[in-house]
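First comes the structure, then the notes that go with it.
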């Protein structure tokens with residue numbers, strides 16, 4: 001539970017801030033560009049630090065790095081809540097992203113080394129549930145906190161809530177979380193760290209900012225530089241005495257194919273939450289709280305399926321993920337048809353069946369996927385492998401948002417039709433996920 005707390009609050013913070021953007025902009029007199037940095041700063045720092053943080057856990061102890069990451073995240077949350085200017089909030093959000101990057105890969109690394117057999121499968125399942133809950137319920141939790149206006153805190157409550165939760169988890173870490181590290185670990189690879197971090201920033205930042213700025217030339221220059229940096233990183237890893245990411249990891253088909261599946265699935269999840277929120281609040285005129293309540297059926301579908309995912313995975317193995325991707329595709333298809341038929345005036349409750357099906361599909365993918373990807377990774381590389389998997393998920397989210405934004409904003413005829421077009425694009429991605437799952441090895 002202590003480990004899952006960190007995963008839940010970091011996943012929650014990635015999504016919950018979107019609900020508070022209008023109130024934050026008014027209170028801090030922030031420009032549109034500054035508000036974009038409030039959102040993007042967290043995601044860029046998170047994506048850039050995951051691989052390095054995973055390797056740090058292998059070298060210096062995963063429990064130690066988890067505690068450091070959670071402490072940084074908790075202190076940064078307090079700084080976000082106390083920010084008096086947009087610049088202070090941006091800096092605190094970047095610090096939050098750094099803390100999240102430090103702690104996230106340690107959770108999977110600890111699970112992969114401390115637990116074995118059915119216990120490890122259950123632990124991985126719980127990880128997927130906690131991570132998905134943060135995304136699925138972020139809109140609802142944020143809407144409730146802002147509407148409640150606890151002690152007059154307004155939008156600041158979405159950050160203050162992390163402080164007592166983080167402090168309690170930090171107090172329990174020494175008693176409940178065992179330490180683990182790689183046997184015979186040597187040192188960090190400084191050249192690989194710089195190349196990986198710069199390469200990931202050069203990918204994620206332009207993807208996050210590009211659609212909002214109509215893809216200026218610098219975004220394409222950054223993406224070109226990213227390709228060069230990551231190619232140099234891959235070449236360096238083959239030659240390094242102590243590589244940041246051991247090339248041997250990608251000889252495991254479960255890891256190599258699984259990372260691609262995780263990236264593609266993350267492309268659908270983050271972008272789906274975005275266009276659903278836009279549809280509900282811009283297209284249908286719902287408030288943040290009303291929009292959050294519409295997310296509830298999605299969360300119910302997710303909760304029910306993820307709770308049963310471990311049992312399903314025992315019988316179906318990798319096909320559980322394929323089944324989940326197809327169920328999500330079905331839900332998105334139902335939503336696309338329903339939203340187009342409803343137009344601007346139909347009762348929004350008609351989208352609930354599609355939301356339940358999409359949420360159920362998400363649960364069947366998210367819960368078993370980490371176990372399938374990391375099942376054959378050696379304990380020595382558990383942290384680095386977890387960092388790569390988490391990076392694939394974060395990068396996938398950024399890529400998906402960028403691509404679905406092109407579709408969504410490129411469609412004329414109103415928000416409902418743009419929403420439907422975006423859903424069709426995501427539906428295709430989910431079908432592709434189901435096909436790529438077949439490349440994963442069968443369970444031994």
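What is the residue count in segment 185-242 for residues that are more than 28 Å from residue 380 (Cα to Cα) and either free of Cβ contacts under 8 Å to residues at least 60 places away in the same chain or outside any helix (DSSP H, G or I) (or both)? The qualifying residues number 18. When each of 141, 158, 150 is tested for being under 21 Å from residue 292 (Cα atoms) and free of Cβ contacts under 8 Å to residues at least 60 places away in the same chain, the lone residue that passes is 150. One residue stands out in segment 16-39 among those that are surrounded by fewer than 22 Cβ atoms within 10 Å (Cβ to Cβ) and within 17 Å of the chain's Cα centre (by Cα): the one that is farthest from residue 71 (Cα to Cα), namely 18. Scanning segment 384-416 for residues being surrounded by fewer than 18 Cβ atoms within 10 Å (Cβ to Cβ) and touching a residue at least 60 places away in the same chain (Cβ under 8 Å) gives a total of 3.
Table: residues versus (1) at pLDDT below 85; (2) out of contact with any helix residue (DSSP H, G or I) (no Cβ under 6 Å at 6 or more places or on another chain).
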residue	(1), (2)
377	yes, no
393	yes, no
409	yes, yes
421	no, no
426	no, no
429	no, no
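The values are calculated or read from the model by the stated rules, or taken from the named source; none is laboratory data. Keep in mind that what you see is a predicted model, and the values were worked out from it rather than measured. Using ideal geometry, Cβ is built from the backbone for each residue, glycine included, and neighbour counts are taken over all protein chains shown.
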